[in-house]
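J.: One structure coming up, written as structure tokens, with questions to follow.
Here, each number is a calculation from the coordinates, and none is a lab measurement. Treat the numbers as computed from the prediction; the structure is a model and nothing was measured. Don't worry about glycine lacking a Cβ; one is built from the backbone with ideal geometry, like all the others, and counts go over all protein chains shown.
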Amino acid sequence: MRRVYINVLTEDAVHGKSIEAVIPGNLSFWKTEQKIEQVTGVSRVKYKDMCSTKITAYGKDFSFLQTLAYDDSAKLCIYGCGVNGEIICRYLKAFGRDIEYFVDRQADSREFTVLDKKVISPDTFLSLADGIRVIVSPDHQAPVIQYLTEKGVDEKNIICPFRKVDKEIRILEDNYEPKCYLKDSKRNRKEQADVIPEATIFTILYNTPKGMLCRTIESVLKQSFENFTYLIIDNGSTDASADTIRQYMKIDARITYIRLEKNVPWTEKGLLTKLKDNIKTTYVAMVDSDDYYEPDFLEKTISISRADASDMVQVNTLTYAHEGFRYSYFTHYFGRNICIEGDKKKNYFMLRILCVPVWGKLYKSDLFKELIDMMLDCETEYDRDCNFCLDISWMTYMALACNRVSLCDDLLHIRTWRPGSSEHSDNHSSKWLSSIVWSFEHLRKNDVEYEAAQVFEEAALMWLFSLPREEYSLSDFRIGDIDNKRVADFLNRPVCDKYRGNQHG
């Protein structure tokens, strides 16, 4: 069932309160006034406020893996040779527990190893299954579990290192109007102007669907920690985003709005300079214009940063598959909040536990502005655009520059995964690759072992080729757009062999 909250306008007056109705889960949104009348009994409905939907997501349960690491009562193998399988293998090894081998259908047609572990076919595994516990690594675990049980594997020997979470996701349709939020806001613009903010949240947007943009803005303005400034950089939008933003600015002086006349790469020098010049606070965080933060994001992350003396705090991010696009998942669960430093920090980054994207984190502003300075020091726009186009290069620098990093289990950042977002663009393939190359080189300059850096690089490639773009392979990247010698040299490394020709990872 789906729970809908509807703000209604009757013939007599506006009632600034919601009517709650439970509707069948197969109705994704109300489309007509007649349907709303049937549930609410209201004679006239001019607009509705919002709809929330309940989703199920799975994330890596590292607390479970820690328990497994200390239980040596049975041998272990991993079903699946993807990024998850590598992370699980390396994580267990860091805790002193080894696995026997990987199981994957690819072994039916070729012999290969993963992390120096032999990969065997499912048929071979079934002949050896007695006394071996199998860890299911794919996010889509149900089909694998069904296959194994149908083949006679005892369910007690099947391990799913994932935690299930049910979460209410806030949905705003594109016809949403922020009237009720603006009407109910108690912000006092004069009082706000007299307060020195402690944190900056920034959003860079371009033609974001209105409902998503309103959801993002309201999630920031509703933070329980109120002593912040909200920087919105409109990267040349051609839709009505400016009008939407100005509505919120009328009642909340914490918003600083900068509009660029034309759309530029987010690594463009002028944009970066404006971003840096407007970060004058102790802390900074970023949120995409189609994502949102829970109300206690700032309160919790700032409290953790103070308690742990951390340069960066990473919260748990839930990625919501908008309109059924792919699947929903969350980043991690440790069973407790932890603080990491020194070599442990590098291990967490290599294992992709310290997540690559810029969002979902609170940073000390000084370190973040040092990163911007590094980008501005690039000799050409081309170098800056290619080498820092992808979050991987941002986070490689930040992860290595921080002395201490805190990880928070709480789901405080909701990310929207949808067709058309920049992550799923098939443009600028050479830039994406160049950013991975820069990250690898920066890891090596910071004394990260070659093998560990190569595993990180391989995981980035696997991620890049798993995205739902048009069919392509590394060989295609050479056509017309790869003049960067570093990228060309990278393509000749053995790590790229599996992605040549018609193989797509």
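J.: Before anything else, pin down the relative contact order of segment 338-421: Cα pairs under 8 Å, at least 6 apart, normalised by residue count, whole percent.
T.: This gives 50 percent for segment 338-421.
J.: Still on this model: Roughly how many Å is it from the Cα centre of segment 354-424 to that of segment 134-157, as a whole number?
T.: 36 Å
J.: Right, next: Suppose we take every Cα in segment 258-333 and form the convex hull; what volume per residue is that in Å³?
T.: 159 Å³
J.: Multiply the residue separation of Asp72 and Lys445 by 0.36 nm, subtract the distance between their alpha-carbon atoms, and state the gained length in nm to one decimal.
T.: 130.5 nm
J.: If you don't mind, there's one more thing I want to ask. Counting pairs of alpha carbon atoms under 8 Å apart in space and at least six apart in sequence, what relative contact order in percent does segment 131-250 give?
T.: Normalised by residue count, the contact order of segment 131-250 is 25 percent.
J.: Give the calculated FRET efficiency between Arg105 and Ser52 to the nearest 0.05, with a Förster radius of 56 Å applied to their Cβ-Cβ distance.
T.: It comes out at approximately 0.90.
J.: So, how do all the Cα-to-Cα distances of segment 99-253 break down into 10 Å bins, in percent, from 0 on up?
T.: Calculated P(r), rounded to whole percents: 8, 26, 16, 9, 17, 18, 6, 0.
J.: May I ask you to list the residues of segment 272-304 whose amide nitrogen lies under 18 Å from a point 7 Å from Cα along the Cα→beta-carbon direction of Ile196?
T.: The answer is 278-284.
J.: Pick out, in residue order, every one of the GluC sites (Glu not before Pro) in segment 302-378 that is DSSP loop and has at most 15 other C-beta atoms within 10 Å; say none if there are none.
T.: Here no GluC sites (Glu not before Pro) fit, given the DSSP loop and packing criteria.
J.: Per q in 0.20 Å⁻¹, report the Debye log10 I(q)/I(0) for segment 297-359, using one uniform scatterer on each alpha carbon and no solvent.
T.: -0.92
J.: Hey, another quick one. One-quarter of the Cα convex hull surface for segment 57-102, in nm²?
T.: The number I arrive at for segment 57-102 is 3.3 nm².
J.: I would also like to ask the following. Calculate the radius of gyration of the Cα atoms of segment 80-120 to one decimal place, then report Dmax, the largest Cα-Cα distance, as a whole number, both in Å.
T.: 10.2, 33
J.: I'd like the GluC sites (Glu not before Pro) in segment 49-156 restricted to DSSP loop residues with at most 13 other Cβ atoms within 10 Å, sorted by number.
T.: Sparse-neighbourhood loop GluC sites (Glu not before Pro): Glu111.
J.: May I have the count of lysine pairs in segment 337-404 with C-alpha atoms under 18 Å apart, counting pairs 8 or more residues apart or located on different chains?
T.: Close lysine pairs under the 18 Å cut-off: 4.
J.: Normalised by the empirical 2.2 N^0.38 Å for globular proteins, what value does the Cα Rg of segment 196-296 take?
T.: 1.00
J.: Please compute the length gained on full extension between Glu323 and Leu115, using 0.36 nm multiplied by the number of residues separating them and subtracting their Cα-Cα distance.
T.: Full extension from Glu323 to Leu115 adds 71.2 nm.
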